[in-house]
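Here is the structure we will look at.
The values are calculated or read from the model by the stated rules, or taken from the named source; none is laboratory data. Values in this document were obtained by computation on a predicted structure and should not be read as measured data. No Cβ is skipped: glycine too gets one built from the backbone with ideal geometry, and neighbour counts run over all protein chains shown.
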Amino acid sequence: MPKPLVLHALAQFVAATTGRNMTKPAYAAVAVGVLTMVLLTVDPAYEMAHHWVDAVLWACLAFFAFEWLVRFRHAALSGRGPNYLMSGRGLLDAACVLAVPGAMLLGAPQRTA
């Protein structure tokens, strides 16, 4: 049975992306995330646009989770999966992706998580 077009395109993207293709989007996601977090510090601005602020921050988190999975998949396909997970970069990626959901599971409010 042939793969759907979306899955095929995603598979091609993941195969072609080994980290270097993700650098510019990662910089953009960091910049957008930092600017959005600045909005969290201004109460009137946050109250006016809190749905958008939350959506942007969750989108940034989803991007970094996707990037982490792409890097792990690439490392696993080259036989270095456990090495990547235990490397400094792998541990930092995991900590960044898991920090917000972990804080929320421990009871931190979404705005401060």
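Odds and ends about this structure:
- Test: residue in the stretch 64-75 that is within 19 Å of THR112 (Cα to Cα), among the aliphatic types (A, V, I, L, M), surrounded by 14 or more Cβ atoms within 10 Å (Cβ to Cβ) and in contact (Cβ under 8 Å) with a residue 12 or more places away in the chain: no
- Residue in the stretch 6-19 that is modelled with pLDDT of 75 or more, surrounded by 12 or more Cβ atoms within 10 Å (Cβ to Cβ) and more than 20 Å from VAL100 (Cβ to Cβ) present: no
- Filter pass, LEU85 being at pLDDT 80 or above and surrounded by 13 or more Cβ atoms within 10 Å (Cβ to Cβ): yes
- Residues within the stretch 82-95 that are touching a helix residue (DSSP H, G or I) at 6+ places or on another chain (Cβ under 6 Å) and closer than 18 Å to VAL34 by Cα, tallied: 1
- Set GLY79, GLY102: member being over 21 Å from LEU35 (Cα atoms) and either among the hydroxyl-bearing types (Ser, Thr, Tyr) or not in a helix (DSSP H, G or I) (or both): GLY79
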